1. Take the residues of the stretch 120-139 that are over 13 Å from the mean Cα position of the chain (by Cα) and not hydrophobic (A, V, I, L, M, F, W, C): which is surrounded by the fewest Cβ atoms within 10 Å (Cβ to Cβ)?
2. Which residues, taken from the stretch 13-50, are in contact with a Leu (Cβ under 9 Å, 6 or more places away or on another chain), modelled with pLDDT of 95 or more and either part of a loop (DSSP other than H, G, I, E, B) or of a type in the set (D, E, K, R) (or both)?
3. Which number in (1) in a loop (DSSP other than H, G, I, E, B); (2) farther than 14 Å from THR12 by Cβ marks the one condition that GLU160 misses?
4. Quick test for you: out of LEU209, LEU190, pick the one residue that is hydrophobic (A, V, I, L, M, F, W, C), surrounded by 16 or more Cβ atoms within 10 Å (Cβ to Cβ) and either modelled with pLDDT of 95 or more or out of contact with any Leu (no Cβ under 9 Å at 6 or more places or on another chain) (or both).
5. Quick check on GLY61: is it on the phi > 0 side of the Ramachandran plot, assigned to a loop (DSSP other than H, G, I, E, B) and not β-branched (Val, Ile, Thr)?
6. Under 9 Å between Cβ atoms, at least 6 apart or on separate chains: pull out the pairs that start in the stretch 67-87 with a residue that is within 13 Å of PRO27 (Cβ to Cβ) and among the polar types (S, T, N, Q) and end on any residue that is at pLDDT 95 or above and surrounded by fewer than 21 Cβ atoms within 10 Å (Cβ to Cβ).
Amino acid sequence: MSRAPSSGPQPTSDAYFAEMWGRADDPWDHGSRWYEKRKYGLTVAALPRPRYRRAFEPGCGAGFLTAALASRTDHLLAMERSPRGVSVTRRRCAAMPGVDVRRGRIPHDWPADTFDLIVLSEVLYYLDDDGLALSLRRAGESLEPDGHLIAVHYRPPVEEHARLGDDVHGALRAALGEPMATYQDAEFVLDVFSSPRPVGGSTPSSPSLSQPPADRPT
């Protein structure tokens, strides 16, 4: 029996990413836009610990945040769907020990390793409901009991995005609980979560994405 098409948001198409990466080594101008530089600075500054053992950053793009995270981690696994993006990030981080850049996408290429830091920067709003639910489940499973997950997403609507950044963070809160720290302005929202698993505890089940996100303070 064939599967009925989803009535929810559709994932951002592969054609969109192929077109963007066909333009340049930095197709979203991450290296020159003040929005990105400010966001990267706040993301790294929000990390609760000075250093992490093993971190995972899916959707690393051209590797600008990857380079900033490298100084705070012993080992950093960065993942990007585009071969061009993988090559660009490898060149950017070539002199940084401990950075491993692989080709892949979430949720299906989520690594089997565990991490004490997971960084989800501008990546979850590309996913459909099933992809988002699976990504949140795998994040909960792979985040070590003393670990942190930091998520940051653009808030205004974008045609190519499957959902709003605020909807993503509502789903994150439903899966991981209330964040230990949060920042929000007109452009982006940033949340820092501690692991939902206490030492010796179990991983919580995935949330229903039909539940609307909680209201967020401004």
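1. ASP130
2. GLU36, LYS39, ALA46, LEU47, ARG49 - these are the residues of the stretch 13-50 that are in contact with a Leu (Cβ under 9 Å, 6 or more places away or on another chain), modelled with pLDDT of 95 or more and either part of a loop (DSSP other than H, G, I, E, B) or of a type in the set (D, E, K, R) (or both).
3. So the condition that GLU160 fails would be (2).
4. LEU190
5. yes
6. SER82/ARG103
The values are calculated or read from the model by the stated rules, or taken from the named source; none is laboratory data. Since this is a predicted model, take the numbers as computed values, not measurements. Neighbour counts are summed over all protein chains in view; Cβ atoms, including those assigned to glycine, are modelled from backbone coordinates with ideal geometry.
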